[in-house]
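What follows is a single structure, written as structure tokens, with notes after it.
Nothing in this text is a laboratory measurement; each read-out follows from the coordinates by a stated rule. From a predicted model like this one, the values you see are computed outputs, not experimental measurements.
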Amino acid sequence: MLQVEVVASTRSFRQLAKCRPHAGDRILEIGCCFGQCTELLAAGAAEVLALDTSKEKGGQRPPDSCGSVLWIPPEGPVSRPEECVALTAQRLSEAEVAVARSLRLDILAHPEYLRTIASCQPPFTVVFADIGGNRELAHVLQLFRLLFAHMAELRYLAVKSEALAMELSKAPLDPQKRLAWWQQLCCPPARLAKAPRRMQQILQRPIQKTPHGLEICRFANYGVCSKGNDCRYDHQHCHRCLRPGHWATSCDQPEVEARKQRGKHGKASTVGVNE
């Protein structure tokens, strides 16, 4: 069963890093910053892969497989994301931590590489995520959905997020209601597709023509033609049965029989726009 712990402060997050890892754990750290938490995680785990965001430099690219690319010193001035990864690598080297590595990678921008990491064997079963303690809630929930979708072996997730911690304070106290609330927050139901507008419904009907070859107005037959007498299409024939004197809305011939009747007359039906 997956266990999730959410904290708002760096102090609490590092405390989790001290006490939660077990021997043999492979840990994915998302948002390693300067490596303080990475070093704590490495003290109790079999392996730690620490990630932080970065803009790709010339010739550099995300990994083809887990752990195939480590930090590469960029040319010119160092920006903060690259500095984070560089200092993490330096900290791990100075502490002689052999089980941890740092890598430049933005999971939210490149979710396809999370799938690559998730396919590693043995799998990463623990994730510590700090993508910015004051990051918008939407970004944190996006990360959750990516992790839940691709990391099937995940058993523990620790997250530092002020926004999520504040949102959790609004959750119901009843365990069942709290679980339902959490599932709704992390994985909201897909939005229902909007029903097509009336105009779209009318225009989805096939083009029909009178015996003289004039196109029959679909709006006059199934709704209201705003052009009235100025409309260049036929307003005298039924779009359904092709007979004059009435419109489709008052036609007594069923749609199926009307299609057969049109087929006997060799009338081609195509969908198009006539208004």
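A few comments on the model shown:
- Across the range 206-211, computed HN-Hα scalar couplings (Karplus, 6.51 cos²θ - 1.76 cosθ + 1.60, θ = phi - 60°) run x, 6, 10, 10, 6, x Hz from first to last residue, x flagging Gly and Pro.
- The range 163-179 - phi-based ³J(HN,Hα) in whole Hz, Karplus 6.51/-1.76/1.60, Gly and Pro as x: 5, 5, 4, 5, 5, 5, 5, 8, 5, x, 7, 4, x, 5, 5, 5, 5
- Separation of alpha-carbon centers, the range 228-257 and the range 89-135, rounded to whole Å: 66
- Karplus-based coupling profile of the range 86-97, in residue order and whole Hz: 5, 5, 4, 4, 5, 4, 5, 5, 5, 7, 6, 8, with θ = phi - 60° in 6.51 cos²θ - 1.76 cosθ + 1.60 and x standing for Gly or Pro.
- Residues whose amide H falls under 5 Å from that of Y156, counting only those 5 or more places apart or on a different chain, are Q3, V127, with hydrogens built in the peptide plane.
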